[in-house]
Amino acid sequence: PALNWEDVTPILEAGGVSGDFYTFDEIAMKIWLPEGMYPVELTEEDRENGFIGYFMPEDESGAVSVVYVDVNGMSLEEYGEYLASEAGATEIEVGTVNGFPCVSYKLPEQDSVSVTFTTEAGYALEVTCTPLSVENADLLWGAVISSIQAE
């Protein structure tokens, strides 16, 4: 399936959901985050583990993480299959977000939904949103995922 930010914007406006775009120093991409999600200071260890962004509300009831993952040059399809067999991923779909090829999946044990984009360097940019059990999770996390675009 193809997700596009302009398709989601009217739904957010109709639901009274507001937020802002966040841009990253490390990559030329931006992501929309709902109001009340704040950047968490990353430690050196977080950065060594590939984190370039981590956001939570003050009550820590949810999170959005942005991570560079070494996928050993796997294609999106191969990565999806790997996640299904190694991490119990479900609802794996290859598609596009704002024109960028990606694979999306849910990790039921972690109560999360993720989308992964490959990069030129054999790494992948992975955005994960949790929990799925929060009210309006499909709308909220769908908006975050559909917002990922070039800066």
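Before moving on, here are some points about what is shown:
- Leading residue by the ranking (surrounded by the fewest Cβ atoms within 10 Å (Cβ to Cβ)) among those in the range 88-130 that are touching a helix residue (DSSP H, G or I) at 6+ places or on another chain (Cβ under 7 Å) and closer than 17 Å to Tyr54 by Cα: Thr130
- Residue within the range 2-15 that is over 18 Å from Leu140 (Cα atoms) and either charged (D, E, K, R) or modelled with pLDDT of 90 or more (or both) present: no
- Residue within the range 56-64 that is farther than 17 Å from Thr128 by Cα, in contact (Cβ under 8 Å) with a residue 40 or more places away in the chain and surrounded by 12 or more Cβ atoms within 10 Å (Cβ to Cβ) present: no
- Top-ranked residue in the range 2-19 [being outside any helix (DSSP H, G or I) and in contact with a Pro (Cβ under 9 Å, 6 or more places away or on another chain); ranked as nearest to Val127 (Cα to Cα)]: Gly19
- Within the range 101-151, the residues that satisfy the criterion of being among the charged types (D, E, K, R) and without any contact (Cβ under 8 Å) to a residue 12 or more places away in the chain are Glu120, Glu135, Asp138.
- Neighbours by Cβ (under 6 Å, 6+ apart or cross-chain): first from the range 8-36, farther than 13 Å from Ile145 by Cα and of a type in the set (S, T, N, Q); second part of a loop (DSSP other than H, G, I, E, B) and open to solvent by 40 Å² or more (accessible area, probe 1.4 Å): Ser18/Glu35; Thr23/Glu151
- Only one of the numbered conditions (1) open to solvent by 60 Å² or more (accessible area, probe 1.4 Å); (2) among the aliphatic types (A, V, I, L, M); (3) in a strand (DSSP E or B) is not met by Val69, and that is (1).
- Checking each residue in the range 109-143 for being closer than 23 Å to Thr9 by Cα and among the small types (Gly, Ala, Ser) picks out Ser112, Ser114, Ser133, Ala137, Gly142, Ala143.
- Residue check, Glu26 open to solvent by 70 Å² or more (accessible area, probe 1.4 Å), part of a loop (DSSP other than H, G, I, E, B), closer than 18 Å to Val127 by Cβ and not hydroxyl-bearing (Ser, Thr, Tyr): yes
- Residues within the range 100-124 that are assigned to a loop (DSSP other than H, G, I, E, B), of a type in the set (A, V, I, L, M) and touching a Ser or Thr at 6+ places or on another chain (Cβ under 6 Å), tallied: 0
- Filtering the range 73-93 for residues that are outside any loop (DSSP other than H, G, I, E, B), in contact with a Leu (Cβ under 8 Å, 6 or more places away or on another chain) and within 15 Å of Ile148 (Cβ to Cβ) leaves an empty set.
The values are calculated or read from the model by the stated rules, or taken from the named source; none is laboratory data. For clarity, every value in this text was computed on a predicted model and none was experimentally measured. As a convention, Cβ positions derive from the backbone with ideal geometry for all residues, glycine included, and neighbour counts pool all protein chains shown. To get the accessible areas, we keep the full protein, side chains included, count just its heavy atoms, and leave off ligands, DNA and RNA. Shrake-Rupley method; radii C 1.70, N 1.55, O 1.52, S 1.80 Å.
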